[in-house]
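Since every read-out is calculated from the coordinates, none of them should be taken as a lab result. As the structure is a prediction and not an experimental result, all values here were calculated from the model. Methodologically, a virtual Cβ is constructed for each residue, glycine included, from the backbone with ideal geometry; neighbour enumeration extends over all protein chains shown.
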Amino acid sequence: MSDTLEVRDLASLLTPKLNGRKIMDCTTKNLTTVGDNYGSTMLSLTVKVGSEDGSEEECLQLVGKMCPTNKMLLDIFQVDITFTKEMTIYMVSVPEFLRLQEEENCPEDERLDMFIECYGSRTSLDPDTKSVDADAVLLLENVKVKGYIVGERSKGFDIEHTELILKNVAKFHAAPIALRYKNPEIFEQKVRCHLKKIDIDEGLTSEASAEMKKALKNELKSIPEVLQLFDVIDRQFEMCQERQGDLDFYEENPFNTICHNDLWVNNVMIAYDDHGKPTRVKIFDFQLIMYASLSIDVLFFLFTSVQNDILLEHFEYFLKFYFDEFCKSLKYFGCSLDDFTWEKFIEDFNKQAPYELYHLAAMTKILLIDKQKMAEKKEITDDTFSDADMVGPNYYEKLKLLILEYKKRNWLIK
């Protein structure tokens, strides 16, 4: 018996995209293994379509994104909210961004190219239910067949990759802000009202949550350069989690936009030209999006996804590079830059950074967990992320870098 899930009633999902053609055949395979993608089950679908007379045949290479089958992950990711958010981004919000750039005659090479094409979505086969169930699916183009690949998370990105990704992140952030300025009513209807915040820790059992925090604190204490800062860090973790758990927290801010809130190596794919130069980017996994400052995404991406030595040497350069690309994108959308000065951006960045410390520290273990050891596990359990044997020296080096950079930049609150 196959362990591969099945996308039931595929025809009803694809019909709007088939222009009268029919599904002739479909082959489904698992796309990921344990630890590759925590918040969903990913399937590879090869769908043969054609007209009834056998003409106009085409082979569609798709990805079916479904809910995780692991009960713990279902609880953590609160799929009734997160799956619906991601589905809405593709089906409702992105078309508005594309329409706006058409209206503003945005140059072709500056248009939004980071979204994967969506072929359809649903939360259930039952039209009367409002819940997300096992038949929920998001159908996306399989961009792997076009040469897009995920980076190596244990290594991180170099300067060239980082610049390309930041350029696309800047466009991603600029589009919702432009829509907010150009058409506030449409922005509220098609974007803002769908960005419900969740507390990712709320889905953990109290025991699992306590063990993860205990493990992280012990790991920090084991780093000599960090030990003297532990009391400050511990208090700041509490402050971060209090902010994270306050689902009603909101601050008016011109830099508020769709914050991806999980922008790291595994949620970015890159394509290359014939000479090996990175040229195009896809950003995906919008389950944790929220309406918040763009600074959160930039900070999170740089600390989780850029090679350590490059991050330390070029941090300020990356901030300026991102900011310039962001302003350029806003101008292409026909927006005024009066509210978006460099000084205001840096002020906002420094304001947001202290509240991301726990998020970054906790994510560092997920980022650098041993992929081979994870692959040997049949499933993720409560103790997976509190097990010290699942990480190596590179994890402690990254933790040390994070804390010392926070100290250097006065982001530790004493």
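How about LYS408: which lysines have a C-alpha closer than 26 Å to its C-alpha, ignoring those fewer than 8 places off in the same chain?
Cα-Cα hits under 26 Å: LYS155, LYS213, LYS214, LYS217, LYS221, LYS320, LYS344, LYS351, LYS365, LYS398, LYS400.
Using a cut-off of 14 Å between beta-carbons, work out the net charge of the residues near ASN394 (Lys and Arg +1, Asp and Glu -1, ASN394 not included).
Around ASN394, the surrounding residues sum to +2.
Going by alpha carbons, how many degrees (0 to 90, nearest 10) lie between the helix axis of 294-305 and the longest principal axis of the chain?
Between helix and principal axis, roughly 80 degrees.
Whole number please: convex hull volume per residue of the Cα set in the stretch 7-166, in Å³?
Convex hull of Cα atoms, per residue: 162 Å³.
Dividing the Cα convex hull volume of the chain by residue count, how many Å³ per residue is that? Spell out each step's value before the answer.
On the way: hull volume 67.2 nm³, N = 414.
Spread over its residues, the Cα hull of the chain gives 162 Å³ apiece.
Across the stretch 5-11, in residue order, what do the Karplus-derived ³J(HN,Hα) couplings come to in whole Hz, using 6.51 cos²θ - 1.76 cosθ + 1.60 with θ = phi - 60° and x for Gly and Pro?
Computed from phi, the couplings for the stretch 5-11 are 5, 10, 8, 6, 6, 4, 4 Hz.
Fewest first, what order do GLU219, GLU185, GLU117 take by the number of other Cβ atoms within 10 Å?
Taking fewest neighbouring Cβ atoms as first place, the list is GLU185, GLU117, GLU219.
Along each of the three principal axes of the Cα atoms of the stretch 199-298, give the extent in whole Å, ordering the values from largest to smallest.
Rounded to whole Å, the extents work out to 50, 36, 28 Å.
Rounded to whole Å and sorted largest first, list the principal axis extents of the Cα atoms in the stretch 310-414.
The principal-axis extents, from largest down, are 52, 35, 25 Å.
Expressed as a whole percent, how much of the Cα-Cα distance distribution for the stretch 101-254 exceeds 28 Å?
For the stretch 101-254, the fraction of Cα-Cα distances above 28 Å is 52 percent.
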